[in-house]
Structure formats: C-alpha cells, structure tokens
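Here the structure is laid out as structure tokens; the discussion comes afterwards.
The values are calculated or read from the model by the stated rules, or taken from the named source; none is laboratory data. These numbers were taken from a predicted model, which means no experiment stands behind them. Please note: Cβ atoms are built from the backbone with ideal geometry, for glycine as well, and neighbour counts cover all protein chains shown. Each accessible area value is taken on the protein alone, full model and side chains, heavy atoms only, with ligands, DNA and RNA left out. Shrake-Rupley method; radii C 1.70, N 1.55, O 1.52, S 1.80 Å.
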Amino acid sequence: MASNEVRFTVRLNVDGQSKVVDATASVDDLKEAIGDVRKAADNVGLSKGWETMMLGVNAAMDMLGKLKGTVDDLANSYESWETSMAAVNTMAGKDADPW
C-alpha cells in the first residue's frame with residue numbers, strides 16, 4: 001500500500017449473507033469525494049442542519065457518559081458499604097447474609 005492510499009476492510013451483511021470486502025482509495029480521491037458530498041449537502045441545505053444535529057448527538061452522548069459514571073460511582077460506593085456492613089456483622093457474631 002502506497003503512503004498516499006487508505007485501505008478499508010468492511011464487513012457487509014446483505015440478505016443474510018456476511019461478506020468482508022477490502023477497498024483501497026487514494027487520499028486525493030477521498031478528498032474529492034468528501035468535497036463532492038459537502039457541495040451536494042450545501043446545495044440542498046443539509047450542511048448546517050447536519051452539523052447542528054451532530055453537535056446535539058455529541059452533547060447527548062457526553063451527558064449519558066457522565067450519567068453512567070455517576071451511576072457507576074454510586075454502585076461502587078454501595079458495594080463498598082455493603083461489604084463493610086457484612087464484615088461488621090460477622091465481627092459482631094451476626095449472620096452476614098442480610099448484607
């Protein structure tokens with residue numbers, strides 16, 4: 001593969017048939033294709049709406065990631081508390097099962 005080429009390996013599932021396809025494109029061809037897509041999107045007025053939508057999706061994904069982190073922290077704290085309480089009950093001679 002030359003240094004000015006990009007290689008893609010794509011797994012396709014068409015009509016229940018799975019296929020792996022290798023594709024190679026030059027960097028110049030990719031730049032041209034991306035430019036053509038941008039021009040076409042601008043011509044039909046999709047560019048700004050698409051960018052706004054993607055910013056919203058990114059913000060939502062970021063928020064969900066932070067929410068997941070908070071829930072994980074709470075679960076870890078509870079797990080730690082539960083383990084501690086089981087140890088305290090065991091030391092007190094009580095059954096650790098309720099914890």
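Keeping all protein chains in place and using 1.4 angstrom, which order do T70, T83 fall into by accessible surface area, from largest down?
In descending accessible area the options line up as T83, T70.
When ligands, DNA and RNA are left out and all protein chains stay put, how many square angstrom of accessible area per residue does the stretch 11-73 have with a 1.4 Å probe?
88 Å²
Set the Förster distance to 35 Å, then compute FRET efficiency between R7 and L74 from the Cβ-Cβ distance, nearest 0.05.
Working from the Cβ atoms, E equals 0.20.
Please work out how much length the chain gains when fully extended from L64 to L30, using 0.36 nm per residue of separation minus the C-alpha to C-alpha distance, in nm with one decimal.
Working it through step by step, the gained length comes to 8.9 nm.
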